[in-house]
Amino acid sequence: MQPQLNNSKKVRVLSLFLPEIKELIASKNFADLKDILRTINSIDMAEEWRLLSPQERIIIFKLLGPKKAVEVFEDLRFEDQSYLLNNLNNEEVSSLLNDMAPDERTKLFKDLPAKVMKKFLNLLKSEEAYNVKTLLKYKEGTAGSIMTTDVIEIKKDMTARKALMTMQENLTMGHAKDIYSAYVTDDKHVLIGAVSLQVLLKAPQDMLVKDIMTGAQNIRIPVDMDKTEVAKHFSRYDLLDAPVVDPDGVLLGVITIDDIVELMERQATSEMYEVGKMSPREGEIISYKTANVAELIKRRAGWLIALLIFDFLTGTVLKNFEATLSNVIALTFFIPMLLDTGGNAGAQTSITIIRGLATGDVTLKNVWKVIKLEMLTALAMAFIVGVVALGRAFMLQRDFYLAFVVGLTMFSIVMLAIITGISLPLLSKKVGLDPAVLAGPITTSIVDVGGLIIYFKIAQLFIPALKF
């Protein structure tokens, strides 16, 4: 029985319709099932795709219209895309792949095994196959690897009316689905300007493109530009799209804001997981709707074990200073306070530096200014928390020497933590590593091991009972 939908408030989440969907599939009532599927948003369907059984996925996918099928497919995980491709006939696969956006199709082909990729390339139209091969040549993480070749070219001597007709023709043919601008090129496809859709709509129909176009020098993106720099470029110039060119200025494709939003979301997710000592997997979000125990273990166990091995040094340090601890048991009372504060100070600094590197606020040009500012801050913070720690230790033990050791150690550990939090991200960036990968997890471990050594060495210098 078809569920009654409230047209004023259409619910668009697959899970709410799941019982009805399963019932309609079981009764083979595909007409009513199609009506339900029309009400569910493509992204909602893709996000909850795994609520369906494998057989149900095939049935539902075949009932979607061509356009919606492509939209759902582009938003599916690679494993789900592969399952569909392996269970559809060649005609269905050909139609699906040919209708995909070039950048989404290339993303899919990058993950396919060589033999499978060759098979699917043969199902593409010659033009689409050529586009895939071309896009696959660009280095991963560059502008070329995330651009789409669906770009509209117009000529400077066209009228605004002719330019709009050209854009309309491209839309009718299924090209350039996300249109914000048309790009003006010469006879050799060299980029010479850009015209936004809004400007074309407002311009007198007989006005020439050359009289309303703007220069593209500031907005064009070299094909080999790193994708993080591309994101900064969009933010700096407040762009909705940007043309991608080769070294000779030839227009190759376009990157749209949709690609950048996805890129920035993945970068933010990746950095968050890296700081949290988990495998980033290029920003793939851990969703509790689809996650399982095995996946969570794979994402978390690697770094946890690596850092555990590094922290074995902590036990070694404690063992080496066993005599010191046995003579002055009170030293153990302050270890958690000292190490936790040092870890927090290091995390504060490293996260600030990593963020600055990501946004371009920290560069080679101003790195010494940043270091000077952080070091002055470190001295002030270390002194403040050192005094607080000294006061707390004296109140607890009423022993000036012990309190002085705790205060001086706190000062030293905070300095160590902040210096580590500054240097590791900068060194990572210098050698071409992701700062969040190296600096985030390792800073705390360095502070723990180094802090213990500093603590016991200072104690041996100033506590009378430990002097030999």
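The values are calculated or read from the model by the stated rules, or taken from the named source; none is laboratory data. Every value quoted in this text rests on a predicted model; they were computed, and no experiment measured them. Methodologically, a virtual Cβ is constructed for each residue, glycine included, from the backbone with ideal geometry; neighbour enumeration extends over all protein chains shown.
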Is it fair to say I413 is out of contact with any Leu (no Cβ under 9 Å at 6 or more places or on another chain), closer than 17 Å to A347 by Cα and of a type outside the set (S, T, N, Q)? no
Looking at this structure, is L112 surrounded by fewer than 18 Cβ atoms within 10 Å (Cβ to Cβ), at pLDDT below 90 and out of contact with any His (no Cβ under 6 Å at 6 or more places or on another chain)? yes
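Confirm whether R50 is surrounded by fewer than 19 Cβ atoms within 10 Å (Cβ to Cβ), under 13 Å from L14 (Cβ atoms) and touching a residue at least 60 places away in the same chain (Cβ under 8 Å).
Values: surrounded by fewer than 19 Cβ atoms within 10 Å (Cβ to Cβ): yes; under 13 Å from L14 (Cβ atoms): yes; touching a residue at least 60 places away in the same chain (Cβ under 8 Å): yes.
It is true that R50 is surrounded by fewer than 19 Cβ atoms within 10 Å (Cβ to Cβ), under 13 Å from L14 (Cβ atoms) and touching a residue at least 60 places away in the same chain (Cβ under 8 Å).
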Which condition from (1) at pLDDT 90 or above; (2) outside the structural domain of E104 (by TED's automatic domain parsing); (3) assigned to a loop (DSSP other than H, G, I, E, B) is the one that D178 breaks? (1)
Just the residues that are over 23 Å from L33 (Cβ atoms), surrounded by 17 or more Cβ atoms within 10 Å (Cβ to Cβ) and touching a residue at least 40 places away in the same chain (Cβ under 8 Å), please, taken from segment 57-101. A101
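Considering segment 196-221 alone, what residues qualify as being of a type in the set (S, T, N, Q) and part of a loop (DSSP other than H, G, I, E, B)?
Residues satisfying the conditions are Q205, Q217, N218.
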So which helices (runs of 4 or more DSSP H) stay within segment 330-443 end to end and still have 2 or more residues that are modelled with pLDDT of 90 or more, in contact with a Phe, Trp or Tyr (Cβ under 8 Å, 6 or more places away or on another chain) and not β-branched (V, I, T)? 367-397, 400-430
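Pick from segment 50-82 the residues that are aliphatic (A, V, I, L, M) and in a helix (DSSP H, G or I): which of them is modelled with the lowest pLDDT? Spell out how you get there, then give the answer.
Keep residues of segment 50-82 that are aliphatic (A, V, I, L, M), which gives 51-52, 58-60, 63-64, 69-70, 72, 76.
Filter once more, keeping what is in a helix (DSSP H, G or I): 51, 58-60, 63, 69-70, 72.
Numbers: L51: 86, I58: 93, I59: 93, I60: 93, L63: 92, A69: 91, V70: 91, V72: 92.
That would be L51.
Scan segment 211-220 and tell me whether some residue there is crowded, with 17+ Cβ neighbours inside 10 Å and under 27 Å from the mean Cα position of the chain (by Cα). Lay out the reasoning, then the answer.
Let us first name the residues in segment 211-220 that are crowded, with 17+ Cβ neighbours inside 10 Å, namely 212-213, 216, 219-220.
Keeping just the survivors that are under 27 Å from the mean Cα position of the chain (by Cα) gives 219-220.
Checked against the condition, which is being crowded, with 17+ Cβ neighbours inside 10 Å and under 27 Å from the mean Cα position of the chain (by Cα), segment 211-220 yields at least one hit.
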